[in-house]
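Please read the structure below before turning to the comments.
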Amino acid sequence: MDFVLRNVGELTTNDLGPPAAGRVVLDAAVSVKDGLVTWVGPDDAIPSHVRALHQIDAGGRAVIPGFVD
């Protein structure tokens, strides 16, 4: 399922750098296409091609990256 997760209160990222490096994006959005994250950023900066996807409201909740093997 392709979708954009909107209204993310806090989104943590795993930027490259020293251990425990990363950043927090407030009021964020994440798009997923074919099971892969395709875009991450501020909710008010969503590109038009991402806006066309099915939208899911995160209700202001936090989203953190996870890896599933």
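List of remarks:
- Selection status of residue 11, surrounded by 10 or more Cβ atoms within 10 Å (Cβ to Cβ), within 12 Å of the chain's Cα centre (by Cα) and modelled with pLDDT under 95: yes
- Restricting region 45-55 to residues that are exposed (fewer than 15 other Cβ atoms within 10 Å of the Cβ) and of a type in the set (A, V, I, L, M), the residue that is nearest to residue 34 (Cα to Cα): 52
- Subset of region 15-24 that is part of a loop (DSSP other than H, G, I, E, B) and either surrounded by 12 or more Cβ atoms within 10 Å (Cβ to Cβ) or touching an Asp or Glu at 6+ places or on another chain (Cβ under 9 Å) (or both) - its residue that is modelled with the lowest pLDDT: 21
- Considering only residues in region 53-69 that are among the aliphatic types (A, V, I, L, M) and at pLDDT 95 or above, the one that is nearest to residue 23 (Cα to Cα) turns out to be 58.
- Test set (1) modelled with pLDDT under 95; (2) more than 9 Å from the chain's Cα centre (by Cα) - residue 41 fails condition number: (2)
The values are calculated or read from the model by the stated rules, or taken from the named source; none is laboratory data. Just so it is clear, the model here is predicted, and its values are computed rather than measured. We place every Cβ from the backbone using ideal geometry, glycine too, and count neighbours over all the protein chains shown.
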